[in-house]
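Heads up, the thing below is written out as structure tokens.
What follows is calculated from the coordinates using simple rules that are stated; it is not laboratory data. Quick caveat: nothing in here was measured; it's all calculated off a predicted structure. Here the Cβ positions follow ideal geometry from the backbone for every residue, glycine too, while neighbour counts run over all protein chains shown.
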Amino acid sequence: MNAGELCDAFREDVGDVRNPYLWSESEVWRYANDAHRMFVRLIGGIQDFTSAATSVAIIANYEVGTLDPSILRILSATLRSTGLDITLINYTDLGKSVETDYGLLRTIKLDNTVGDVHSGVIGMEQNKIRWINVPAVDDDVDLIIRRLPRVRLVDDSDELEGVHEDHHSELLNWMEYKAFLKPDADTFDKGRADVCKALFEEYCRNVARVDIERAKHKTRVVAYGGV
């Protein structure tokens, strides 16, 4: 199911197939985008290591890097020039002592020391990472992330990124939840909206997310001895 088919299925489900429509085209597309993003958010995001969102530029003498706004979670970070891991530190851990690779304790702190980038602080500002140290040279950091869809659905042929075809029809519940909250005498139905929302959230957490977590684990081959 592509974006156009999703919008058509919504109109069929709610019986809104003839002009004048109860819900405008712009409203239906807005509901489709909202459902797409919410589904991806509730399943934990799209795992990604290849898109432009997974690359962060290190700029010499500039201590701040910019993260793609679609990122929900960073799973790992690697310095491209050396392949060495970049340690990610939450800003709430600043000032605490950590053990280094050599068994020594050092305190995490921000200063203006120029040198090799070995770690970065996240959470200080949205979509930013503060390098430790201040970079001496330009470089790049490669990330493995979980993220939201990076582009909006705007065309009938647009694909539902990060949503397996088995789950496409479940997006209709979120679309209908939003639709039945429209403040109009012919559309507002709080009870029906609440039911659609509950069905959508339950499906995402208890069906779709379980499928995704299962797919992360490789199949194990078990060898049995002769009887």
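Quick rundown of the values:
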quantity: For the chain, alpha-carbon Rg over 2.2 N^0.38 Å; calculated: 1.34
quantity: Between 0 and 90°, nearest 10: helix 190-203 axis offset from the chain longest Cα axis; calculated: 50 degrees
quantity: Label point distance in nm, Phe188-Ile59, each placed 7 Å from Cα along Cα→Cβ; calculated: 4.9 nm
quantity: Computed lengthening from His118 to Glu5, 0.36 nm per intervening residue step minus Cα-Cα distance; calculated: 35.9 nm
quantity: Residues whose placed amide H lies under 5 Å from that of Lys128, excluding near-sequence neighbours; calculated: Leu67, Gly123
quantity: Virtual spin-label span in nm between Tyr91 and Asp138, 7 Å along Cα→Cβ; calculated: 2.8 nm
quantity: Pairwise centroid distance, computed over Cα atoms, of region 1-72 with region 109-180, Å; calculated: 12 Å
quantity: Close Lys-Lys pairs in the chain, where close means Cα under 28 Å and separation is 8 or more or interchain; calculated: 8
quantity: Antiparallel bridges, percent of DSSP beta bridges restricted to region 1-126 (to nearest 5); calculated: 50 percent
